[in-house]
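The structure appears right after this line, and notes come after that.
The values are calculated or read from the model by the stated rules, or taken from the named source; none is laboratory data. In this text the structure is predicted, and so the values were computed from the model without any measurement. Cβ coordinates were reconstructed from backbone atoms using ideal geometry, including for glycine residues, and neighbour counts include every protein chain displayed.
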Amino acid sequence: MELKVKLKEVLIERGMSQVELAEKTGLTRTVISELATNRRTSINRDHITKVLQALEITDMNEMFEIK
């Protein structure tokens, strides 16, 4: 099984860029890019919390998928 972060899809749906999300969350563009392209091997809870809050996501299924 693999956990997929659907950040790229969510950003497209909301018409938001990775740069805008980085500014809104205070995270680096590198962190956002790695999350959006699923290149992170571990996920920092604080980072995910900031992203979820910035995007006003309350349903984890909107952000994650198990493959």
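Determine which member of the set Thr58, Thr25, Thr37 is surrounded by 13 or more Cβ atoms within 10 Å (Cβ to Cβ), without any contact (Cβ under 8 Å) to a residue 60 or more places away in the chain and not charged (D, E, K, R).
Values: Thr58 fails: surrounded by 13 or more Cβ atoms within 10 Å (Cβ to Cβ); Thr37 fails: surrounded by 13 or more Cβ atoms within 10 Å (Cβ to Cβ).
None of the other options fit; the residue is Thr25.
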| task | With the condition kept exactly as written, say whether any residue in region 2-20 is in contact (Cβ under 8 Å) with a residue 60 or more places away in the chain, out of contact with any Leu (no Cβ under 8 Å at 6 or more places or on another chain) and among the hydrophobic types (A, V, I, L, M, F, W, C). | result | yes
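Restricting attention to region 1-46, which residues are among the acidic types (Asp, Glu) and modelled with pLDDT of 95 or more? Spell out the reasoning first.
Going residue by residue through region 1-46, those that are among the acidic types (Asp, Glu) are 2, 9, 13, 20, 23, 34, 46.
Result: Glu9, Glu13, Glu20, Glu23, Glu34, Asp46.
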| message | Can you tell me which of (1) assigned to a loop (DSSP other than H, G, I, E, B); (2) among the acidic types (Asp, Glu); (3) surrounded by 12 or more Cβ atoms within 10 Å (Cβ to Cβ) is the one Glu65 doesn't meet? | response | (1)
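Tally the residues that are more than 22 Å from Ile66 (Cβ to Cβ) and surrounded by fewer than 17 Cβ atoms within 10 Å (Cβ to Cβ), restricting the search to region 7-22. Spell out how you get there, then give the answer.
Filtering region 7-22 down to residues more than 22 Å from Ile66 (Cβ to Cβ) leaves 14-22.
Imposing the further condition that a residue be surrounded by fewer than 17 Cβ atoms within 10 Å (Cβ to Cβ) reduces the set to 14-17, 19-20.
Matching residues across region 7-22 total 6.
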| field | Test: Thr30 is exposed (fewer than 12 other Cβ atoms within 10 Å of the Cβ), outside any loop (DSSP other than H, G, I, E, B) and at negative phi | value | yes
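Tell me, which residue of region 40-52 that is touching a residue at least 24 places away in the same chain (Cβ under 8 Å) and farther than 14 Å from Leu3 by Cβ is surrounded by the most Cβ atoms within 10 Å (Cβ to Cβ)? Even if it seems obvious, please write down each step before you answer.
Here is the first cut: in region 40-52, the ones touching a residue at least 24 places away in the same chain (Cβ under 8 Å) are 40, 43, 50-51.
Then drop every residue that is not farther than 14 Å from Leu3 by Cβ, which leaves 50-51.
Working: Lys50: 17, Val51: 25.
Among those residues, the one meeting the criterion is Val51.
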